[in-house]
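Participant: Please find one structure pasted underneath; my questions will follow.
The values are calculated or read from the model by the stated rules, or taken from the named source; none is laboratory data. Just so you know, these numbers come straight off a predicted model, no measurement behind them. Cβ coordinates were reconstructed from backbone atoms using ideal geometry, including for glycine residues, and neighbour counts include every protein chain displayed. Areas reflect the complete protein model, heavy atoms only, side chains present, ligands, DNA and RNA absent. Shrake-Rupley method; radii C 1.70, N 1.55, O 1.52, S 1.80 Å.
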Amino acid sequence: MAEVCLALVLVGIVAYAVLGGADFGGGFWDLTAGGDERGGSVRGMVQRSMSPVWEANHVWLIFVLVMVWTAFPVAFGSLFSTLAIPLFLAAIGIIFRGTAFALRGHAATIREARAIGATFALSSVIVPFCFGATIGGIASGRVPVGNQAGDTITSWLNPTSVLIGVLAVATGAYLAAVFLAGDSVRAWLPDLARACRGRALGAAVVAGAIAFAGLFVLRSDARDLFDGLTSGGGLVAVLLSAAAGAVTLGLVFTERYGLARVTSAAAVAMVAVGWVLAQDPYVLPPQLTLAQAAADDATLAALLVGVGVGALVLVPSLWYLYRLVLQGRLDQEYEPLHQRFMPIPGDEDRGTAP
């Protein structure tokens, strides 16, 4: 049962890395889009693409947290105490990001509009970096068993954590650009589709370069993780990720965005799979194995029954939502977002309207 729970956690991590990562990547392109006028078209497409699903994608994060908390309580307590800082920053970032996204276009002044936009964009970079840094701390063996047994600073500010944090931001940008290009085609915006296509190709190359260069970082800073990724199942996952990334480049270059969504997601998914295989059999290397971390059988059995019952509602609901999104039936009317704002009723009389 412990293996089944771990597999479900991995499913949740992969789903959040792909779907949530694409959302965070949209914020990255929002941040780098340019000035009010020049970046308005990209920001408008980010708004249009994210609106139907951005809240639903965080379901996977909640799922992972509940699974780890219940199935592997010792690991949960250890990592949430040692890695409290990046996890707290990520949680705060999600809150600020969600609030800013909901308020975009409803500011009372242009200064407020720019502040809201900056909050959304910066949070979209900080959150995946913090999650990536957290994974780096776990994978490099810097989270010992016990309540705040590890260093609360170096556990996530180290070469491996910084590498994985930067890679998380880059892969999110890569996914988002692929998705935005496809959405632009569906919206009959060929110029914007070409712009997103260029971003997707560039982000894919950058993410691949970071991943390749990162192997040298891992070799010197996290040798056990490096060995796991360059042999056995970990190596297979790395090679599959590289192959999926290469196929995605070809698909994006030929503007076949429907298939590119699938292959780009597979490339990111195999990175997460490779991490789990590389540190097998440990949950918190090099001390806590899966068998040691697992809760008792009664707890695991109750958890799996609960997950099964919940899946009867959650899985069909999410499947239907994503199907509607891919079919374009939830698409909003496209409108460039030129840092616009809507004056509060009555402000026109006080001279605050532009």
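Participant: Answer yes if at least one residue in the stretch 120-127 is among the hydroxyl-bearing types (Ser, Thr, Tyr), surrounded by 15 or more Cβ atoms within 10 Å (Cβ to Cβ), at negative phi and in a helix (DSSP H, G or I), and no otherwise.
Facilitator: Scanning the stretch 120-127 turns up at least one residue that is among the hydroxyl-bearing types (Ser, Thr, Tyr), surrounded by 15 or more Cβ atoms within 10 Å (Cβ to Cβ), at negative phi and in a helix (DSSP H, G or I).
Participant: Sticking with this one: Filter the stretch 98-117 for residues that are open to solvent by less than 40 Å² (accessible area, probe 1.4 Å) and either outside any helix (DSSP H, G or I) or among the hydrophobic types (A, V, I, L, M, F, W, C) (or both); which is farthest from Leu31 (Cα to Cα)?
Facilitator: Ala108
Participant: Also: So which residues in the stretch 247-265 are surrounded by 15 or more Cβ atoms within 10 Å (Cβ to Cβ) and not aliphatic (A, V, I, L, M)?
Facilitator: Correct list: Thr248, Tyr257, Arg261, Thr263, Ser264.
Participant: Now for a different question. Could you say whether any residue in the stretch 23-46 is polar (S, T, N, Q), closer than 19 Å to Ile138 by Cβ and in contact (Cβ under 8 Å) with a residue 40 or more places away in the chain?
Facilitator: There is no residue in the stretch 23-46 that is polar (S, T, N, Q), closer than 19 Å to Ile138 by Cβ and in contact (Cβ under 8 Å) with a residue 40 or more places away in the chain.
Participant: Now, a different point. Residue by residue through the stretch 121-179, note down the ones that are in contact (Cβ under 8 Å) with a residue 24 or more places away in the chain, out of contact with any Phe, Trp or Tyr (no Cβ under 8 Å at 6 or more places or on another chain) and of a type in the set (Val, Ile, Thr).
Facilitator: Within the stretch 121-179, Ile126, Ile138, Val143, Val145, Thr152, Ile153, Thr160, Val162, Ile164, Thr171 meet the criteria.
Participant: Considering only residues that are touching a helix residue (DSSP H, G or I) at 6+ places or on another chain (Cβ under 8 Å) and open to solvent by 60 Å² or more (accessible area, probe 1.4 Å), look in the stretch 74-97 and name the one that is nearest to Asp151 (Cα to Cα).
Facilitator: Here the residue is Phe80.
Participant: Okay, moving on. Could you say whether any residue in the stretch 330-348 is modelled with pLDDT under 75, open to solvent by less than 70 Å² (accessible area, probe 1.4 Å) and among the polar types (S, T, N, Q)?
Facilitator: Yes, there is a match, as at least one residue in the stretch 330-348 is modelled with pLDDT under 75, open to solvent by less than 70 Å² (accessible area, probe 1.4 Å) and among the polar types (S, T, N, Q).
Participant: Here is a further query. Residue by residue through the stretch 185-197, note down the ones that are in a helix (DSSP H, G or I), of a type outside the set (A, V, I, L, M) and over 21 Å from the mean Cα position of the chain (by Cα).
Facilitator: Of everything in the stretch 185-197, those that are in a helix (DSSP H, G or I), of a type outside the set (A, V, I, L, M) and over 21 Å from the mean Cα position of the chain (by Cα) turn out to be Arg186, Pro190, Asp191, Arg194.
Participant: Also: Do you know which residues across the stretch 196-210 are surrounded by fewer than 21 Cβ atoms within 10 Å (Cβ to Cβ) and either within 18 Å of Ala168 (Cα to Cα) or among the charged types (D, E, K, R) (or both)?
Facilitator: Leu201, Gly202, Val205, Val206, Gly208, Ala209, Ile210 - these are the residues of the stretch 196-210 that are surrounded by fewer than 21 Cβ atoms within 10 Å (Cβ to Cβ) and either within 18 Å of Ala168 (Cα to Cα) or among the charged types (D, E, K, R) (or both).
Participant: What helices (runs of 4 or more DSSP H), lying completely within the stretch 204-310, carry at least 3 residues that are over 30 Å from Pro73 (Cα atoms)?
Facilitator: 232-253, 257-278
Participant: Also: Picking from Ala193, Ala222, which residue would you name as being aliphatic (A, V, I, L, M), farther than 17 Å from Thr171 by Cβ and in contact with an Asp or Glu (Cβ under 8 Å, 6 or more places away or on another chain)?
Facilitator: So the residue among Ala193, Ala222 that is aliphatic (A, V, I, L, M), farther than 17 Å from Thr171 by Cβ and in contact with an Asp or Glu (Cβ under 8 Å, 6 or more places away or on another chain) is Ala193.
Participant: Of all residues in the stretch 318-328, which are assigned to a helix (DSSP H, G or I) and exposed (fewer than 13 other Cβ atoms within 10 Å of the Cβ)?
Facilitator: Within the stretch 318-328, Trp319, Tyr320, Arg323 qualify.
Participant: All but one of (1) farther than 19 Å from Ile135 by Cβ; (2) surrounded by fewer than 22 Cβ atoms within 10 Å (Cβ to Cβ); (3) under 22 Å from the mean Cα position of the chain (by Cα) hold for Val307; state the number of the condition that does not hold.
Facilitator: Result: Val307 fails condition (3) only.
Participant: Let me ask something additional. Of the residues in the stretch 128-182, how many are open to solvent by 20 Å² or more (accessible area, probe 1.4 Å), among the polar types (S, T, N, Q) and farther than 18 Å from Ala75 by Cβ?
Facilitator: Qualifying residue count for the region: 2.
Participant: Here is a further query. Look through Ile85, Ile94 and report the one residue that is modelled with pLDDT of 85 or more, assigned to a helix (DSSP H, G or I) and under 16 Å from Ala168 (Cα atoms).
Facilitator: Testing whether each residue is modelled with pLDDT of 85 or more, assigned to a helix (DSSP H, G or I) and under 16 Å from Ala168 (Cα atoms) leaves just Ile94.
Participant: Then there's this: Within the stretch 1-61, which helices (runs of 4 or more DSSP H) (wholly inside it) include 3 or more residues that are crowded, with 18+ Cβ neighbours inside 10 Å and among the polar types (S, T, N, Q)?
Facilitator: 40-50
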